[in-house]
Amino acid sequence: MADLHWSRWRNPQKTANTLNIQLPDARNYPHIAVRAGGFTLIELMITIAIVAVIAMIGIPAMGDFILNNRIRSQSGDLMLQLAHARSEAMRTASRVTICPGTSGGCAGSAWESGWVAFTDTNANTALDSGETIISVSNALDGNNTLRSAAFSTYISFRHDGGSIDISGAGQAGSFSLCDSRGFGTDARAIVITVTGRIKVLIANAAGSGISNCGI
């Protein structure tokens, strides 16, 4: 037994030959099919059809997703800007006005072009030299519109947080924020009460205070 083990170690070639296994050859076994890599024409057509269906379903859904996120972000940003202006009026015991425009001053009634909040020292709803600018917001993305009948050119808050007009009377109303889908469940209403409370509603919901995009 020891001699057999020693002979295998001394003659590895002979040992390997005894373990040689002949694999089947496709020429000798024609029933064994050898498939080349890649797709057949039918498989490729099916794949293209599936991709097309997914694209038809997915692209509109992605478009709505982007629009929904944008209008939610814009309505939330306006709400925060108004709340910040109100808190500054209460903190400094002064009148704070927000109007459509830039750091250069108020302009027009198209809020979607941007707006500026400032300490309205002389209570004339205009940004005058020496008055402190609190914040400036850029124009809205996506060609969205932001209009208001009640706050067409300005909205002001006084020291107690209430919303007042230039004559000292209470101001209450809504902003209408719309995108390319128009007025309805996709649009938003930003509602401000006389006490200065602010909330965001679906545009056509009860209590929104608006019935169109205001343009």
Counted residues, segment 87-102 - those being over 13 Å from E131 (Cβ atoms), more than 26 Å from the chain's Cα centre (by Cα) and not aliphatic (A, V, I, L, M): 2
Assuming D186 fulfils every condition listed in (1) more than 19 Å from the chain's Cα centre (by Cα); (2) surrounded by 15 or more Cβ atoms within 10 Å (Cβ to Cβ); (3) assigned to a loop (DSSP other than H, G, I, E, B) apart from one, which condition is it? (1)
Across segment 189-204, the tally of residues that are loosely packed, with under 14 Cβ neighbours inside 10 Å, in a loop (DSSP other than H, G, I, E, B) and either of a type outside the set (S, T, Y) or modelled with pLDDT under 95 (or both) stands at 1
Are any residues in segment 90-136 among the basic types (K, R) and crowded, with 16+ Cβ neighbours inside 10 Å, and if so, which ones? R95
Quick one: S156 ticks every box in (1) assigned to a strand (DSSP E or B); (2) farther than 19 Å from S87 by Cβ except a single one, so which number is it? (2)
Conditions (1) within 20 Å of A189 (Cβ to Cβ); (2) at pLDDT below 95; number of the one not met by S109: (2)
Could you list, in sequence order, all residues of segment 160-170 that are modelled with pLDDT of 95 or more and either in a loop (DSSP other than H, G, I, E, B) or farther than 27 Å from L127 by Cβ (or both)? D160, G161, G162
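The values are calculated or read from the model by the stated rules, or taken from the named source; none is laboratory data. As the structure is a prediction and not an experimental result, all values here were calculated from the model. Cβ sites come from the backbone with ideal geometry, for glycine too, and all protein chains shown count toward neighbours.
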